[in-house]
Ligand code: GLN
C-alpha cells in the first residue's frame, strides 16, 4: 500500500485523505519538510494558491517541495494545487511562488466571475468508464503546455487536466465528488514509481 501525503498548509485536505483511503492508499497530512521523506507521493489540494505559496515559504517547505518534484516523486495538484505545480502563472502576483513540475502556463481564476463555480462532465484520457464529474471552483485553466506535457482533458476549448512524467494536475476537484477514478489513476502512478 503506497503512503501518499496531502500537503496540509491550507485547503481541502480532509476530502483528499478520504478519497485516497477510498482508493486503497494510505493518506497522511504533511506539514513539515521532514515528513516528505516518509511518503511515496503527494497531493496538493484545492484552496487558495496565494496563501499556500506564502505558507510554504513561512514553513520552509518551498525548496523541499521543489526538490521533491525534481526528484521525480509523483505529485497530483487539484485547482490551487494545479497552480502550485505550474512552471509559470498568469494573473498572479509577481512574487507568487510555485513548486513547478509541469512545463505549462496556468491562468488563475480563469473561468471567471460569472462561472465562479460550476460542474461539467469531463472526459479524461486514461480514465475508462465515461466522463468524470468536474467541480470547478474559481478554477484555473492551462493556457499552454510545453512539448513534454500531455493534455488529458479539455472543457470549452480550455485545457483542464495535464500530465508530465510523474506530475498530474486538474483544474477541477475530484475529491469533492464520490467518484475517485482520478485519485485511482494517481495512486496507480505512485504504485508504478514505488
Ligand atoms: N482561485 C484559487 C487560487 O488561485 C483556486 C481555487 C480552488 O482551489 N478552488 O488559488
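Observations
- Taken together, the criteria place residue 157 among residues that are without any contact (Cβ under 8 Å) to a residue 24 or more places away in the chain, more than 22 Å from residue 183 (Cα to Cα) and more than 16 Å from the ligand (Cβ to nearest atom).
- When residues of segment 13-41 are limited to those that are crowded, with 18+ Cβ neighbours inside 10 Å and within 16 Å of the ligand (Cβ to nearest atom), the one nearest to residue 93 (Cα to Cα): 13
- Selection from segment 169-179 of residues that are surrounded by fewer than 21 Cβ atoms within 10 Å (Cβ to Cβ) and touching a residue at least 12 places away in the same chain (Cβ under 8 Å): 176, 177, 179
- Evaluated against (1) in a strand (DSSP E or B); (2) within 12 Å of the ligand (Cβ to nearest atom), residue 143 falls short on exactly one condition, (2).
- Subset of segment 160-189 [away from the ligand (no atom under 15 Å from the Cβ) and part of a strand (DSSP E or B)]: 162, 163, 164, 167, 168
- Residues of segment 73-128 satisfying the condition of being within 14 Å of the ligand (Cβ to nearest atom), at positive phi and surrounded by fewer than 20 Cβ atoms within 10 Å (Cβ to Cβ): 91, 109, 112
- Given (1) more than 16 Å from the chain's Cα centre (by Cα); (2) touching a residue at least 24 places away in the same chain (Cβ under 8 Å), index of the condition residue 166 fails: (1)
- Qualifying positions in segment 74-93 - part of a loop (DSSP other than H, G, I, E, B) and over 13 Å from the mean Cα position of the chain (by Cα): 91, 92, 93
- Tally of residues being touching a helix residue (DSSP H, G or I) at 6+ places or on another chain (Cβ under 6 Å), in contact (Cβ under 8 Å) with a residue 60 or more places away in the chain and farther than 24 Å from residue 109 by Cα across segment 50-84: 1
Only the coordinates and a few stated rules stand behind these numbers; no lab work does. Note that the coordinates shown come from a computational prediction; the quantities given were computed from them, not determined experimentally. Here Cβ is always computed from backbone atoms with ideal geometry, including for glycine, and neighbour counts include all displayed protein chains.
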